[in-house]
1. What are the pairs with Cβ atoms under 8 angstrom where one residue, in the range A:19-42, is assigned to a helix (DSSP H, G or I) and the other, located anywhere, is near RNA strand B (Cβ under 7 Å from one of its atoms)? Sequence gap at least six, or different chains.
2. What number of residues in the range A:27-43 are within 8 Å of RNA strand B (Cβ to nearest atom) and either buried (at least 17 other Cβ atoms within 10 Å of the Cβ) or under 16 Å from residue A:195 (Cα atoms) (or both)?
3. When the residues of the range A:75-89 are narrowed to those that are under 21 Å from the mean Cα position of the chain (by Cα) and under 18 Å from residue A:147 (Cβ atoms), which ends up modelled with the highest pLDDT?
4. Check A:530, A:506, A:512 and return the single one that is within 13 Å of RNA strand B (Cβ to nearest atom) and over 15 Å from residue A:434 (Cβ atoms).
5. Do you know which of the residues in the range A:455-472 that are surrounded by 14 or more Cβ atoms within 10 Å (Cβ to Cβ) and farther than 21 Å from residue A:529 by Cα is farthest from RNA strand B (Cβ to nearest atom)?
6. Regarding residue A:390, is this residue buried (at least 17 other Cβ atoms within 10 Å of the Cβ), out of contact with any strand residue (DSSP E or B) (no Cβ under 6 Å at 6 or more places or on another chain) and modelled with pLDDT of 95 or more?
7. Residue A:501: more than 7 Å from RNA strand B (Cβ to nearest atom) and touching a helix residue (DSSP H, G or I) at 6+ places or on another chain (Cβ under 9 Å), yes or no?
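The values are calculated or read from the model by the stated rules, or taken from the named source; none is laboratory data. Remember, it's a predicted structure, so these values are computed and weren't measured experimentally. Note that we place each Cβ from the backbone using ideal geometry, even for glycine, and neighbour counts take in every protein chain shown.
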RNA sequence: GCGGGUGUGGUUCAAUGGUAGAACGUGGGCUUCCCAAGCCUGAGACGAGGGUUCGAUUCCCUUCACCCGCGCCA
């Protein structure tokens, strides 16, 4: 992957974030703590805007998605079922000679990096003792620390959605296909936090689990599973969509979202994971990448996860995770026998393969798979899932680096000066409008400006500033990414009667100015920041 | 975790074995002030902990953080 790295640009962004109050090192007065970052006043607003836009588009503006806010600490069995306990606990061995790090249980199968003819166990390099390499943050529930009450801080928000699937289904009056959305903190004890906030140990995710019918059910109901035709957004969801079209749909929806908050497609890349890169349960995964100054890196992954997660929880919790589908039941009885048999067999084989892979013994796997396929014929199945999973903090960093621009201007005296402008999309900008009296020592101007400020602050996030020259205040707002400034001058007070109660609106990106009546200000702004 | 680099006001940088300067920013003031104008004035720093030394921001050790590379990244 050819990448143009711009370390200078990244340094400037980091220092701007500190200087203007977007991002601070966590616990800085104690020397900081690796992998943890705080959001300052502007960063907090920016992040809030992004999360609210996501939430609103995902849940409130859709009929088919319900929200959830689950706890960070959950029953430890959840992480057993999800696979995190096992995969995060691999004992690792370091080779002091070649500096390699290997899973302790695989040293007999991995070639030594320095002498590929020999396996790691056979080479002469000095090895460390195996050490547990756990990327989940562990804690204890209750006052006594013992093996019995170990709990984990969630390494992803998704599992809570699966765990609460049934409750949400029953209380939200949704039917498959439908989704459950959640925004929240997650924690991973990363080996190496890197690249500013990009890889942090405490971070926030915006995740949707979108539950769909298995393709066999879609085919039974619609006669066939629709094929994806052509590039781009496949349009409004159709009953005939199988997992592939739903997957494509969500990839395009997510790209639209990024465009809508100011990340054009040219700043993004799609990466379709190759079959050998896929997690064992995934049928397809698309990463949406952003061209960061330190390289092109993942913002969001959209995975087609089959029915793996709900199946795991059904097995581990011993609680049924299947749903009953009236349409399927009705459709099934009308199918010709050979179609029924073919669908039964396909569903059976998929279930059987999953069960065997999960370590279920051959006899129960055979029985369970038969039972699952019989259930399909009665209208019951475990939904499959499409998972668009986005990192909030990565997105914030992408928005800041993308918005960052420098403008060098030379004045009459030949003195040149470089100013920073953060060209945020108005929808995400932390401050939407600044209200500025032209002068601060004229009580009438200040009073009028305060009035305008009070008028606007309940509508959009508004900032009042009367310190320094007007040009300095414009520059200050440019650096904060404020898209609009409202200036109250003597004409507002009626120096020219025809301009009484009008103000100057100044645009961030081109310094353009226009005159608007105060009465229309709020509506004018709302139109542009929503 | 390994190797290399860097830590001085908010930011960007100076200087120094005798406890630190600047620019910008920031607080207050003056100015009919529309793109970081000017003037007056204030606050503000040697990442942390040890050691050597009469004395350490400076030398040494440890530690923490950040950056680059490697490894790891369900």
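1. A:20/A:479
2. Of the residues in that region, 6 qualify.
3. A:79
4. Result of the check over A:530, A:506, A:512: A:512.
5. Among those that are surrounded by 14 or more Cβ atoms within 10 Å (Cβ to Cβ) and farther than 21 Å from residue A:529 by Cα, it is A:466.
6. No: the conditions fail for residue A:390.
7. yes
Yes/no per residue for (1) more than 38 Å from the chain's Cα centre (by Cα); (2) at pLDDT below 95; (3) closer than 14 Å to residue A:521 by Cα; (4) assigned to a helix (DSSP H, G or I):
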residue	(1), (2), (3), (4)
A:447	yes, yes, no, yes
A:452	no, no, yes, yes
A:463	no, no, no, no
A:468	yes, yes, no, no
A:472	no, yes, no, yes
A:494	yes, yes, no, no
A:505	no, no, yes, no
